Amino acid sequence: MAQSPDDRRCIFIVGSSRSGTTMMGRILNRHPAVHTFHELHFFEELWSPGSKVSGTSREEALDVAAQLLYRERGGGYLAHGDPSDYRREARAVLEAGPPLDNSTRLDVYRTVLFREAAENDAPVPCEQTPRNGYYLGEILERFPGARVLHMVRDPRDVLLSQKRKWRRRFLGASNIPRTEAIRAWANYHPLTISQLWRASVKAVAPYRDHPRIRTVAFEEMLDAPEATVRSVCEFVGIRFEEQMRSVRQVGSSHREDRPDQRGIDPSRSGNWRTDGLSDTEIFLCETVTAAPMARYGYETNDSRPGPLMLALSALLFPVKLGAALLLNRSRMERIWDALRRRLR
């Protein structure tokens, strides 16, 4: 019996940024049945509850589809280009899908996901935007065939990775614009990143026991890659393929990319202990994230910062926060809704 459009299988990978969402996406993309997309950022940037694309606003439908195709085919949402260049392809994708009359933006998004996956000879689309974790209610309701993988990582390793994220442009990711490197630098403060990690796991907490959501620890994936990938495959309903473990070693903020080397690198865990975090950063992170850390089995280090460094960090916090909000405004048209979902 054929599946209805709403029941078709798809995968969403969510979690705090720098928690292994991209690595999991690459692993799944090596399966012949799965096509992993670039981060599309649909829910936070192109959609709002109740937004419509009616029969009299087909141009709006084309705009949304063109934006999605641009982010997928044009090198990701950080690439500089003109989404309108993809309007012809967007029209072809939408015309091949269900009728647009009385459709919503979400219908356009669903159509693009499945049509683009099919164009890559894969029946299962995989969307790896980490921030989709703030929209799990909408995803579970409107994608009944979806499986959600929630990636979680020690917040201190996330902190270290975010601290060095601005270096990615110089470690192999030359496609990252200089302005994005500056934005990544401005975004970093131990209080900001720790709060975002806590907000991310808090957003998923009400759904932890949902049968269509599985939490995968980054450390679990590094320590036992085959067992973890096999378990993930069983959860999402695909057969394990040996080549899934053979991912390129790219994306680290600690060292240069090594695309010629493949495999899941176990050395990417626990670097916060010896490589780049001060006692002040560790203390602030553990103070903010103590409760969810315990819930996920991460033990605190009980670092004690000096009063002077703690005061300096506190003074820098509003400066960094203001700079981050300023530099992120163009990327979050609905910034107040985004902040509300993180702080609730």
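Of the residues contained in the stretch 306-323, one or more are found to be assigned to a helix (DSSP H, G or I), at pLDDT below 75, surrounded by 15 or more Cβ atoms within 10 Å (Cβ to Cβ) and of a type outside the set (Lys, Arg).
Taking each residue of the stretch 203-227 that is closer than 25 Å to GLU138 by Cβ and free of Cβ contacts under 8 Å to residues at least 60 places away in the same chain and looking for partners that are outside any loop (DSSP other than H, G, I, E, B) and among the polar types (S, T, N, Q) with beta-carbon atoms closer than 8 Å, six or more apart or interchain, yields ARG208/THR215. Scan the stretch 90-114 residue by residue and report those that are at pLDDT 80 or above and surrounded by fewer than 18 Cβ atoms within 10 Å (Cβ to Cβ). Correct list: ARG91, ALA92, GLU95, ALA96.
With a cut-off of at least 1 residues that are over 26 Å from HIS210 (Cβ atoms) and touching a residue at least 40 places away in the same chain (Cβ under 8 Å), name the helices (runs of 4 or more DSSP H) lying wholly within the stretch 38-139.
Of the helices (runs of 4 or more DSSP H) lying wholly inside the stretch 38-139, those with at least 1 residues that are over 26 Å from HIS210 (Cβ atoms) and touching a residue at least 40 places away in the same chain (Cβ under 8 Å) span 58-73, 105-119.
Show me the helices (runs of 4 or more DSSP H) found entirely inside the stretch 153-206 where at least 2 residues are modelled with pLDDT of 85 or more and of a type in the set (D, E, K, R). If you could, list the steps in order and put the result at the bottom.
Working: elements: 155-163, 178-187, 190-204.
Counting at least 2 such residues, we get 155-163, 190-204.
Of everything in the stretch 207-249, what is basic (Lys, Arg), at pLDDT 95 or above and either crowded, with 20+ Cβ neighbours inside 10 Å or under 19 Å from the mean Cα position of the chain (by Cα) (or both)? Give them in sequence order.
Residues satisfying the conditions are ARG212, ARG214.
Reported count of residues in the stretch 271-297, each being among the small types (Gly, Ala, Ser) and over 15 Å from ARG164 (Cα atoms), is 4. Tally the residues that are in a loop (DSSP other than H, G, I, E, B), charged (D, E, K, R) and either in contact with a strand residue (DSSP E or B) (Cβ under 9 Å, 6 or more places away or on another chain) or at pLDDT 95 or above (or both), restricting the search to the stretch 1-29. Qualifying residue count, the stretch 1-29: 2.
The values are calculated or read from the model by the stated rules, or taken from the named source; none is laboratory data. As the structure is a computational prediction, the values presented were derived from the model and not from experiment. Here the Cβ is made from the backbone with ideal geometry for all residues, glycine too, and neighbour counts use every protein chain on show.
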